[in-house]
Amino acid sequence: MTGKNKANSVWLAGASGICAVLALLFAFAGRAAAADAYKPWVAPADARKVKNPVPATPENLAAGEQVFHNNCVVCHGEKGEGDGIGGKALNVKPANFTDAKLMSLETDGSLFWKISEGRLPMLSWKAILTEKQRWQVVDYLRTLSRKASTKH
Ligand code: HEC
C-alpha cells in the first residue's frame, strides 16, 4: 500500500464512523415519525387556555430571539420557515412559524405547551429552557408571521 492509500483509508475509516452515527440518528428520527401515519399535534384544552405571563416587551423579544437562535434555528430555520438544515433530514417537517394561518390556530398557551412537552423528533424543552425563556420564545415566534406578512 502506498502512503497515499494508507492516508486515504484512515480518512475513510473516520468518515464511515461519522456516517454510522448520522445514519443511526436519522434512523431513530425516522422511526419515531414513521411508526404510524402523521397525527396532527393538538395541545390539551386546559393548556390552550393558559395566558402568557411574559409580555412582548423589547427585552423579552430580544431574549426570545436569542433562545430561538441558539436552540431552534437548526430545524426551524433562521426565519422560522421550517427549513433548517437539521429539519431537512427529518420525516416530520418542522413547523413554519411564518405561516400566519397555522399560527392563528395556536394560542400562546398551546405553543408554550408544545415547546415544553416536545414530540419526536422535537425534544422536550422544559429541562433545557426556564419557564420564562419558553414564554419569551413564544413572544418571539409571534413576530415571525408578522414579519413575513409585511414582506409582501
Ligand atoms: C430536532 C429539530 C427541532 C428542533 C431543534 C426544534 N424543533 Fe420545534 N419542531 C420540530 C418538528 C419536526 C416539529 C413538528 C412536530 C410535529 O408536528 O409532530 C416541531 C414543532 C414545533 C412546534 C409546534 C408547532 C405547531 O403549531 O404545532 C413549536 C411551537 C416548536 N416546534 C417550537 C420550537 C422551539 C421554540 C424550538 C427551540 C427552543 C424548537 N422548536 C426546536 C423540530 C424541531
Legend entry - Failed item, numbered, when TRP113 is tested on (1) within 6 Å of the ligand (Cβ to nearest atom); (2) part of a helix (DSSP H, G or I): (1)
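Take ALA62 and tell me if it is away from the ligand (no atom under 12 Å from the Cβ), under 21 Å from ILE128 (Cα atoms) and exposed (fewer than 14 other Cβ atoms within 10 Å of the Cβ).
Details: away from the ligand (no atom under 12 Å from the Cβ): yes; under 21 Å from ILE128 (Cα atoms): yes; exposed (fewer than 14 other Cβ atoms within 10 Å of the Cβ): yes.
Answer is yes for this residue.
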Inset, instruction - Can you tell me which residue within segment 88-125, out of those that are exposed (fewer than 15 other Cβ atoms within 10 Å of the Cβ) and more than 17 Å from PRO40 (Cα to Cα), is modelled with the highest pLDDT? - result: SER124
Legend entry - Where ALA95 falls short, out of the listed (1) within 10 Å of the ligand (Cβ to nearest atom); (2) without any contact (Cβ under 8 Å) to a residue 24 or more places away in the chain; (3) assigned to a helix (DSSP H, G or I): (3)
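Considering only residues that are aliphatic (A, V, I, L, M) and part of a helix (DSSP H, G or I), look in segment 120-145 and name the one that is farthest from the ligand (Cβ to nearest atom).
Let us first name the residues in segment 120-145 that are aliphatic (A, V, I, L, M), namely 120, 122-123, 127-129, 137-138, 141, 144.
Then drop every residue that is not part of a helix (DSSP H, G or I), which leaves 137-138, 141, 144.
Details: VAL137: 5, VAL138: 8, LEU141: 6, LEU144: 11 Å.
Filtering first and then ranking leaves LEU144.
The values are calculated or read from the model by the stated rules, or taken from the named source; none is laboratory data. The model shown is predicted, which means the values in this text are computed figures rather than measured ones. Neighbour counts are summed over all protein chains in view; Cβ atoms, including those assigned to glycine, are modelled from backbone coordinates with ideal geometry.
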